[in-house]
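Notes for the one structure printed next.
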Amino acid sequence: RVFLDSGTLTPLLKKLEKKDYVVRTREEKDERNLQISLTEQGKAIKSPLAEISVKVFNEFNISEREASDIVHNLRNFVSKNFDNSDKK
């Protein structure tokens, strides 16, 4: 699950699809659901992008544990503040 609204996500996915990094497929059972998959080109850049992320964390002297905590805390923040936006 991605914690972005469709107004943000759709243009991003269109750009990634145009550059042949992803393919979007509607589910047959429920066409409201969209399956996003990496293409071969998308898979090819996945590893180099992960290496860049590691270099960024290393540049700021962030340990793997601290990086994991940051990601965990951001997910919690998004979940608490954006997943229930329709209930506010």
Contacts under 8 angstrom Cβ, first residue in the stretch 54-83 being modelled with pLDDT under 80, partner of a type outside the set (Asp, Glu) and not in a helix (DSSP H, G or I), 6 or more apart: 75/3; 78/3; 79/3; 82/3; 83/3
Of these, 63, 37, which one is within 13 Å of the chain's Cα centre (by Cα) and among the polar types (S, T, N, Q)? 37
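Please find, within the stretch 1-23, the residue that is surrounded by the most Cβ atoms within 10 Å (Cβ to Cβ) out of those that are in a loop (DSSP other than H, G, I, E, B) and within 14 Å of the chain's Cα centre (by Cα).
The first filter runs over the stretch 1-23 and keeps only residues in a loop (DSSP other than H, G, I, E, B), leaving 1-5, 19-21.
Now drop any that are not within 14 Å of the chain's Cα centre (by Cα), which leaves 1-5, 21.
Numbers: 1: 7, 2: 10, 3: 14, 4: 13, 5: 10, 21: 18.
Checking each candidate, the answer is 21.
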Suppose the filter is assigned to a helix (DSSP H, G or I), out of contact with any helix residue (DSSP H, G or I) (no Cβ under 7 Å at 6 or more places or on another chain), free of Cβ contacts under 8 Å to residues at least 60 places away in the same chain and surrounded by 12 or more Cβ atoms within 10 Å (Cβ to Cβ); does residue 49 pass it? no
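Just to check your reading of the model, which residue among 26, 65, 75 is over 25 Å from residue 6 (Cα atoms), among the basic types (Lys, Arg) and either surrounded by 11 or more Cβ atoms within 10 Å (Cβ to Cβ) or out of contact with any Pro (no Cβ under 7 Å at 6 or more places or on another chain) (or both)? Please lay out each step first, then the result.
Numbers: 26 fails: over 25 Å from residue 6 (Cα atoms); 75 fails: over 25 Å from residue 6 (Cα atoms).
Within the list 26, 65, 75, the selection yields 65.
The values are calculated or read from the model by the stated rules, or taken from the named source; none is laboratory data. Please read these numbers as outputs of a predicted model, since none were measured by experiment. Note: ideal-geometry Cβ built from the backbone for every residue, glycine included; neighbour counts use all protein chains shown.
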